[in-house]
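The values are calculated or read from the model by the stated rules, or taken from the named source; none is laboratory data. Everything numeric here is computed off the predicted structure, so don't read it as measured data. Positions of Cβ are generated from backbone atoms using ideal geometry, with glycine treated the same way; all protein chains shown enter the neighbour counts. Please note that ligands, DNA and RNA were not included when accessible areas were found on the heavy atoms of the full protein model with its side chains. Shrake-Rupley method; radii C 1.70, N 1.55, O 1.52, S 1.80 Å.
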Amino acid sequence: MSSARSAWHDPFVPSNFAAYLRVYEPLTAFDRERQVYWRRYVKDGRAIAPVDGPGRQRTAVLEALGAGWTRLPDLPEDAYVLEVEDTLLVCPWNLRVRVAEAALMARDGVPPILADAFVPPILAGLAKSVVDDWRSGSQVLERGMPRVHEQIATWGIPLRWFVFIDLSERELILEPGNRILRYRTEISKARRRAHRAHSVLKKTLGKVAVTDAVEEGARWLEEFHPRSIVELDYGGLVGLLPDETLRADDSPGLVAAGLAALSRGESDAASDTYEQIVTRWRAIQLLERSN
């Protein structure tokens, strides 16, 4: 049952030590009903800060599920909100859909007796209905998949995320009880960086895992409104790192330098840069085993 529990847990109950890649869309990306809802949501002061969001998500999901797995929980419709130059941008949580997708994922590749014990058939059926309804709604993409505004990575940051941002876009706050490291950029810049990186990787390395990962990220960015904002938030990872390490962190710069070396045909320099950043983040991932 451990494999099923792991698959169920990771996608929807945010870890204390997780990083987040988010897209904030302007209100014009949503239908009229959603625009009215989000305006009222902000006016009523209900918007939740990213630093508080993961804990609120975890509490909402666990309290809603209760002791039995016979229903999908009724979850709040919340979002992170940005205001940029008088423009309101929203990053919806979509918790109910994320929980439903996680329930179905938890059953994949697991013996039926274990799958039914952890995610009963009645719950799986309800989850499928929620996912199907979402995919047939107004926010369906041309290829039939819904937008997911937030990606989560536990105990580290996927290197492909650093492709989307630039070191100059860093925002670092190191105050007692308020330690934040994040990057925010216009989605048009993130898209250009992603496509450029994919082109370099495809030309120099071919169709390997990292090339496919960057291509997938580029496709994901294409799902959103062209005036969206992309945010890479170190989230709970800042709790694992001292101030000096956070100040010195130049991961986006290292990734950019590695790609530049590849484009110039300097494979040794690219390999050295890759080893630096992999070693840095492997040390953080190893903390999970000792936690």
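Out of the range 235-291, which trypsin sites (Lys or Arg not before Pro) are coil in DSSP terms and have no more than 14 other C-beta atoms within 10 Å?
Loop-located and lightly packed - ARG264.
I need two numbers for the range 171-233: Rg to one decimal and Dmax as a whole number, Cα atoms only, in Å.
Every Cα atom of the range 171-233 included, Rg and Dmax give 14.8, 46 Å.
Check ALA18: other-chain or 5+ apart residues with amide H under 5 Å from its amide H, H built from backbone geometry?
Amide H to amide H, under 5 Å and 5 or more residues apart or across chains, ALA18 pairs with TRP155, GLY236, LEU237.
Considering the Cα trace of the range 121-267, what is its radius of gyration and what is Dmax, both in angstroms?
Just the Cα atoms of the range 121-267 yield Rg and Dmax of 18.0, 56 Å.
Output wanted: per-residue J couplings in Hz (rounded whole) for the range 203-220, from phi through Karplus 6.51 cos²θ - 1.76 cosθ + 1.60, θ = phi - 60°, x for Gly and Pro.
For the range 203-220, the Karplus-derived couplings read 6, 9, 10, x, 7, 10, 4, 5, 5, 5, 5, 5, 4, 4, x, 4, 5, 4 Hz, x marking Gly and Pro.
Return one whole number: the accessible area per residue of the range 156-291 in Å², for a 1.4 Å probe.
Each residue of the range 156-291 exposes 53 Å² on average to a 1.4 Å probe.
In the range 148-227, which trypsin sites (Lys or Arg not before Pro) fall in coil by DSSP and have 12 or fewer other Cβ atoms within 10 Å?
Details: sites: ARG160, ARG170, ARG179, ARG182, ARG184, LYS189, ARG191, ARG192, ARG193, ARG196, LYS202, LYS203, LYS207, ARG219, ARG227; in loops: LYS207, ARG227.
The qualifying sites are LYS207.
Stretch ASP52-GLU216 to full length: gain in nm at 0.36 nm per residue minus the Cα-Cα span? Provide the component values of the computation, followed by the final result.
Details: separation 164, 0.36 × 164 = 59.04 nm, distance 2.88 nm.
Value of the extension gain: 56.2 nm.
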